[in-house]
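Engineer: So that we are looking at the same thing, I have put the structure below in structure tokens.
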Amino acid sequence: MNKHHIILFLLSIFLIMGLGGFVSCSEEKKVYVVYLGEHSGEKTLKEIEDHHCSFLHSVKGTTTKKDVRASLVHSYKNIINGFSALLTSQEADMISGMEGVISVFHSDPHEIKPHTTRSWDFVSILEGTSLINSREELLQNASYGKDIIVGVIDTGVWPESSSFSDEGMGPVPKSWKGICQEGVAFNASHCNRKLIGARYYLKGYEAAAGPLNETRDFRSPRDVDGHGTHTAGTVGGRRVANASAIGGFAKGTATGGAPNVRLAIYKVCWPVPDQSLAEGNACATDDILAAFDDAIADGVHVLSVSLGSIPRTTYYTQNGIAIGSLHAVKKNVVVSCSAGNEGPIPSTVGNVAPWIITVGASSIDRVFSSPIMLGNGMIVEGQTVTPIRRRRLHPLVYAGDVEIRGTTASNTTGACLPGTLSRNLVRGKVVLCRNRGMQASMEVKRAGGVAAILGNTFNEIQVTPFLDPTTVVFSYSLTTIQKYIQTEKNPMATLLPGNTLIGTKPAPVMAPFTSKGPNRVDPNILKPDITAPGFNILAAWSEASSPLKIPEDHRVVKYNMNSGTSMSCPHVSAVIALLKSIHPDWSSAAIRSALMTTSTINNVVGRPITNSTGSDANPFEYGAGHFRPSRAVDPGLVYDATYTDYLLYLCSQNISLDSSFSCPEKVPAASNLNYPSLAIANIRGSTRTVRRVVTNVGRANSTYFLAVRSPLGYVVDIVPKTLRFSKLGEKHSFNITVRAQSSIEKRNVFSFGWYTWSDGVHVVRSPIAVSSA
């Protein structure tokens, strides 16, 4: 072969490789996660990274080792085995077919996002006992969470907040292996015996979105948003007297649910370029996985994750929170996650893995009353946390009557959308708007209005600290005010100063935004698991942020009101920490079971919990019910589950996340997972039988009797109907047979019921959700 032939041969090889193997460097590169399972513990850290780089080298061909390492973003070396890297789609496809690779998926920084005092007193009221006998006794028995370490994966922390004082706290637990990572405006002195560790994760974000704009956030664990500070304070903030939101609303003692827990902060969320903080954050999946990997190795006992997304069909193999949580649970770290804020739309609940405790959001018995006085003397109820000074009466107009012609349509008129109100018609007036959003208040201000009255379509009002005098009314009050404007020759109104009212009823009510079931990944796992306070919650805030998180708001606060399942999740995380302290031998599944089976589906007046439209809520909104922490300490029976049980469950989904585990020939149905609730999405042949196992953690000698309420259209039969225990730790199984009645239609509509086991002291309640198609 002559020189010319050699050149042609090499050129042909290059072209072949370019078309079918290695790819053109001009193709767009994105951050992909390559998930390999768990480390065996046999390799050094350098050997792990070299192994990860070998995958990259095999698809990048003649690229130098330096270039290969430059494309590597994260190398997970502690518990989780895998890495993230800048890859083309073709390179990602090639790696996905290699030996040992479980999954390869794009790390989308826009997919996962944050689910963004009095609440603990209200929880005690739902216990049905006095505050002293329930909440304080629980805290004392748990030593206020002393030496339990809660990791918070979020937007960081404002360490100077009084909520994170370490006054009177003992030494950092010897089990702690984490660090206090220094960075911009954050050094080792910002950690203490309360805030024992902090890390930040930026590599995935910067690989996807470019370099961090350091005028908008700190390259450190410091929180510029407020969300992470709020969730951390809700979990474990110290008791701070005379805390309040701006304007003095909700004034009282701010406290976390477990005031003496140790907090470890893992910052994974950053500002979205060219968007305000109010529009959300970007939380890269590969950064989240890195945080899980470190947190588990650091020695946390509980992980509180107020982040998530509506799950996709690839959820179990490509969701960083689901994958990270499975590794955490294997190491007996309990993971609590927010359910999401996409409600009231059905099938929007997120964080649906059965090894995660998924938390919905509901209200407490507190409102912030700010009435409107009309010119005829009528008082109309409104709510706000906006400071308002008493003013004289001003002319009152409806927004739909004072719009600039041509700026609205029939479905947007009266909404006070930006740029729609006429300055000439609005100046010096109070404006009634159909829309309750912040933009409506700002539009009234822009047009020269003196105050805004905003309409709300739900039965609960999510309060906002508006920049200008604004209050929010219910839809029926909106109608009342509109009729007054239409019938009065010179309608007038003024907003009265607001105040905090405690003990309002009924409560709780499900928050209008809380994401609902059924579980779109697998409706045979009922989600959410439970609900907790997440509506108008006061907690610590970042002083680098503002109450509204918009450029126009220059106010600085130490405590702020916030709503979301992001707020309910840390309530549950705190109680998990207390249960961990009292029952250190309980598994994650046992703790979930205790929380779920002792919860309540009734409000403080003994009626069923309702949703924000006034209808009775159901398990797709509240799961098993509203949590009752003191009762969860002594649940009587628990439904336990192991890591192997979760792998068996994944077999029912035709998924393997652990190469060391082989699915059996006969795979149990998904509904057979030993879960504290029961969901059956498709009763084939009109009958389905599943098995459950309970473990006695109550009294040694006890007998439990069965009670059942079958879902409408179905008959539920449970055998045996009596469970007798002679010792603690003893297990008993029972079979549940669900039969569709002949009259039931084959359609995708769920019916709900429940069953309980009771020994006269404990009532162990489980919800049932069934559909025939």
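The values are calculated or read from the model by the stated rules, or taken from the named source; none is laboratory data. Bear in mind the structure is a predicted one, so any value in this text is a computation, not a measurement. Here the Cβ is made from the backbone with ideal geometry for all residues, glycine too, and neighbour counts use every protein chain on show. Areas reflect the complete protein model, heavy atoms only, side chains present, ligands, DNA and RNA absent. Shrake-Rupley method; radii C 1.70, N 1.55, O 1.52, S 1.80 Å.
Engineer: Using alpha-carbon pairs under 8 Å, 6+ residues apart, how would you state the relative contact order of region 30-106 in percent? Working shown, then result.
Structural biologist: On the way: 111 pairs, mean separation 39.0, N = 77.
Once normalised by length, the contact order is 51 percent.
Engineer: Determine the shape class of the chain: with a ≥ b ≥ c the square roots of the Cα gyration tensor eigenvalues, call it rounded for a/c under 1.5, and otherwise prolate if a/b is greater than b/c, oblate otherwise. Walk me through the intermediate numbers first.
Structural biologist: On the way: a/c = 1.59, a/b = 1.19, b/c = 1.34.
Taking the square roots of the gyration eigenvalues as a ≥ b ≥ c, the chain is oblate.
Engineer: How much length would be gained if the chain were fully extended between N682 and K331, taking 0.36 nm per residue of separation minus their Cα-Cα distance, in nm to one decimal?
Structural biologist: Working it through step by step, the gained length comes to 123.0 nm.
Engineer: Return the percentage of antiparallel bridges among DSSP beta bridges fully within the chain, rounded to the nearest 5 %.
Structural biologist: 65
Engineer: Between D274 and S422, what length comes free when the chain is fully extended (0.36 nm per residue of separation minus the Cα-Cα distance, one decimal in nm)?
Structural biologist: Length difference between fully extended and current span is 50.4 nm.
Engineer: Please compute the per residue accessible area over region 372-495 with all protein chains in place, 1.4 Å probe, rounded to a whole number of Å².
Structural biologist: 46
Engineer: Can you classify region 30-106 as rounded, prolate or oblate using the Cα gyration tensor, where a ≥ b ≥ c are the square roots of its eigenvalues, rounded means a/c under 1.5, and otherwise it's prolate if a/b beats b/c and oblate if not?
Structural biologist: Verdict is oblate for region 30-106.
Engineer: Over region 548-683, what percent of the accessible surface lies on carbon and sulfur atoms, probe 1.4 Å?
Structural biologist: 48
Engineer: Next question. Please report the antiparallel percentage of the DSSP beta bridges confined to region 674-772, to the nearest 5. Provide the component values of the computation, followed by the final result.
Structural biologist: On the way: 32 of 35 bridges.
Of those bridges, close to 90 percent are antiparallel.
Engineer: May I pose another question? Could you work out how far apart the two model spin labels at Q140 and N213 are, taking each label as a point 7 Å from the Cα in the direction of the beta carbon, and quote it in nm?
Structural biologist: In this crude spin-label approximation the distance works out to 5.3 nm.
Engineer: Here is a further query. Pop out the ³J(HN,Hα) list for region 584-593 in order, Karplus 6.51 cos²θ - 1.76 cosθ + 1.60 with θ = phi - 60°, rounded to Hz; leave Gly and Pro as x.
Structural biologist: For region 584-593, the Karplus curve yields x, 8, 6, 7, 4, 5, 5, 5, 4, 4 Hz.
Engineer: So, one more: Could you give the length gained on full extension between Q486 and S659, defined as 0.36 nm per residue of separation minus the Cα-Cα distance, in nm?
Structural biologist: Value of the extension gain: 55.2 nm.
Engineer: With a 1.4 Å probe and every protein chain left in place, work out the accessible area per residue of region 198-250 in Å², rounded to a whole number.
Structural biologist: Numbers: 1690 Å² over 53 residues.
Ligands and nucleic acids excluded, the figure is 32 Å² per residue.
Engineer: Per residue, how large is the accessible surface of region 674-772? Use a 1.4 angstrom probe and give square angstrom. Mind dumping the intermediate values first?
Structural biologist: Working: 4600 Å² over 99 residues.
Computed with neighbouring chains in place, this is 46 Å² per residue.
Engineer: Also, quick follow-up: Tabulate in residue order the Karplus-calculated ³J(HN,Hα) for region 286-297, using 6.51 cos²θ - 1.76 cosθ + 1.60 with θ = phi - 60°, rounded to whole Hz; enter x for Gly and Pro.
Structural biologist: Result, rounded to whole Hz: 5, 5, 4, 4, 5, 5, 4, 4, 6, 4, 4, 5.
Engineer: Under 8 Å for C-alpha pairs, at least 6 residues apart: give me the relative contact order for region 397-549, rounded to a whole percent.
Structural biologist: Details: 203 pairs, mean separation 24.8, N = 153.
Rounded, it is 16 percent for region 397-549.
Engineer: Moving to a separate point now. Calculate, for L86 and S175, the FRET efficiency according to 1/(1 + (r/R0)^6) with r their C-beta to C-beta distance and R0 30 Å; round to the nearest 0.05.
Structural biologist: Approximately 0.25, to the nearest 0.05.
Engineer: Measuring from label point to label point, each 7 Å out along Cα→Cβ, what is the N701 to N242 span in nm?
Structural biologist: Each label point is offset 7 Å from its Cα along the Cβ direction, giving 5.8 nm.
Engineer: Once you order the gyration tensor axes a ≥ b ≥ c over the Cα atoms, which shape class does region 372-495 get: rounded for a/c under 1.5, otherwise prolate or oblate by comparing a/b with b/c?
Structural biologist: Numbers: a/c = 1.27, a/b = 1.13, b/c = 1.12.
In terms of gyration-tensor shape, rounded.
Engineer: Here's another thing I want to ask about it. On the protein heavy atoms, probe 1.4 angstrom, tell me the percent of accessible surface of region 30-106 carried by carbon and sulfur.
Structural biologist: The value for region 30-106 is 50 percent carbon and sulfur by accessible area.
Engineer: What are the trypsin sites (Lys or Arg not before Pro) within region 699-728 that DSSP puts in a loop, where the Cβ has at most 13 other Cβ atoms within 10 Å? Walk me through the numbers on the way to the answer.
Structural biologist: Numbers: sites: R699, R709, K721, R724, K727; in loops: R699, K721, K727.
In loop regions of region 699-728 (DSSP not H, G, I, E or B), the sparsely surrounded trypsin sites (Lys or Arg not before Pro) are K721, K727.
Engineer: Assuming R0 = 22 Å, what is the FRET efficiency of T479 and N376, from their Cβ-Cβ distance, to the nearest 0.05?
Structural biologist: Numbers: r = 16 Å, r/R0 = 0.72.
The value I calculate is 0.85.
Engineer: A follow-up question, please. For V749 and K66, what does the FRET efficiency come to when R0 = 45 Å and r is the distance between their Cβ atoms, rounded to the nearest 0.05?
Structural biologist: Once rounded, the FRET efficiency stands at 0.15.
Engineer: In region 372-495, carbon and sulfur make up what percent of the accessible area (probe 1.4 Å)?
Structural biologist: Percent of accessible area from carbon and sulfur atoms in region 372-495: 50.
Engineer: Here is a further query. Along the Cα→Cβ direction, 7 angstrom out, place labels at A297 and T314. What is the inter-label distance in nm?
Structural biologist: Calculated label separation equals 2.7 nm.
Engineer: With the contact rule set at Cα under 8 Å and sequence spacing of 6 or more, what percent relative contact order holds for region 274-375?
Structural biologist: It comes to 25 percent, rounded to a whole number.
Engineer: Report the one residue of H74, V104, V33 whose Cα lies farthest in the direction of the positive end of the charge dipole of region 30-106 (charges on C-beta: Lys and Arg +1, Asp and Glu -1; origin at the Cα centre).
Structural biologist: About the Cα centre, the residue reaching furthest to the positive side is H74.
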